[in-house]
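The values are calculated or read from the model by the stated rules, or taken from the named source; none is laboratory data. For clarity, every value in this text was computed on a predicted model and none was experimentally measured. Because the Cβ atoms are built from the backbone with ideal geometry, glycine has one as well, and the counts that use them run over all protein chains shown.
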Amino acid sequence: MAEPLLEVDGLVAGYGAFGVLFGVSLSVAAGEVVAVLGSNGAGKTTLNRVLSGLIRPSAGRVRFGGVDITGSAPAAIVAAGLIHVPEGRRIFANLSVRENLLLGAFVRTTKKGGRAERGRTLAEVLEIFPRLGERLGQSVGSMSGGEQQMVAIGRGLMGRPRLLILDEPSLGCRRCWWSRTCCSRWALPAGRM
């Protein structure tokens with residue numbers, strides 16, 4: 001059996017003296033789609049923040065692609081290919097759709113051949129979210145919540161992640177749109193993104 005892409009073992013984390021995660025363990029194989037479910041306050045967002053380096057765990061280990069990334073800086077984790085689209089979108093409202101999307105490719109653009117790859121990736125993201133192609137020059141702040149969520153997810157995809165973590169991905173989206181657009185296309189063929 002192949003080594004998991006993501007391995008979490010015995011993770012303990014929280015906010016100061018307030019504990020949230022107590023011994024969380026999970027693994028995700030390459031190409032696998034995994035959902036972490038739980039009620040509000042169960043620790044889903046905290047887990048995502050630990051995985052993306054925004055919170056340091058007090059115990060446990062996180063391995064990504066066979067490398068221990070426990071406590072690594074967020075920039076190093078993104079460069080390794082683990083990209084987190086946080087709850088609440090965190091888009092740049094005053095920038096255009098195109099500008100927001102291209103920011104997601106920043107790490108890749110600085111590498112040799114990155115600009116050409118960025119253009120191909122943008123075309124792939126616009127294939128997934130054709131509505132964004134119609135609005136590339138529009139300020140993101142003037143868009144609906146669902147359209148802003150498309151921008152946030154598209155920006156995450158622009159980094160060509162090996163693993164994409166989505167926190168509250170359907171926030172602001174109509175249920176029928178979410179089912180039709182994402183659920184039917186989300187498991188992209190290997191090598192596609």
If Ile55 passes every condition in (1) surrounded by 13 or more Cβ atoms within 10 Å (Cβ to Cβ); (2) among the hydrophobic types (A, V, I, L, M, F, W, C); (3) more than 18 Å from Gly156 (Cβ to Cβ); (4) in the same structural domain as Ser142 (by TED's automatic domain parsing) but one, which one does it miss? (4)
Here are Leu26, Leu37: which of them is at pLDDT below 90 and over 28 Å from Arg135 (Cβ atoms)? Leu37
Do we find that Leu47 is over 22 Å from Met158 (Cα atoms) and in a helix (DSSP H, G or I) in this structure? yes
Which listed residue is free of Cβ contacts under 8 Å to residues at least 12 places away in the same chain, in contact with a helix residue (DSSP H, G or I) (Cβ under 7 Å, 6 or more places away or on another chain) and over 14 Å from Leu11 (Cα atoms), from Gly65, Gly119, Gly38: Gly38
Filter segment 7-53 down to the residues that are under 14 Å from the mean Cα position of the chain (by Cα) and small (Gly, Ala, Ser), then identify the one that is farthest from Ile69 (Cα to Cα). Ala35
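Looking at segment 132-159 only, could you name the residues that are surrounded by fewer than 18 Cβ atoms within 10 Å (Cβ to Cβ), charged (D, E, K, R) and under 24 Å from Gly88 (Cβ atoms)?
Result: no residue meets the conditions.
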Residue identified as among the hydroxyl-bearing types (Ser, Thr, Tyr), over 18 Å from Ile77 (Cα atoms) and in contact with a strand residue (DSSP E or B) (Cβ under 6 Å, 6 or more places away or on another chain) among Ser52, Ser39, Ser25: Ser25
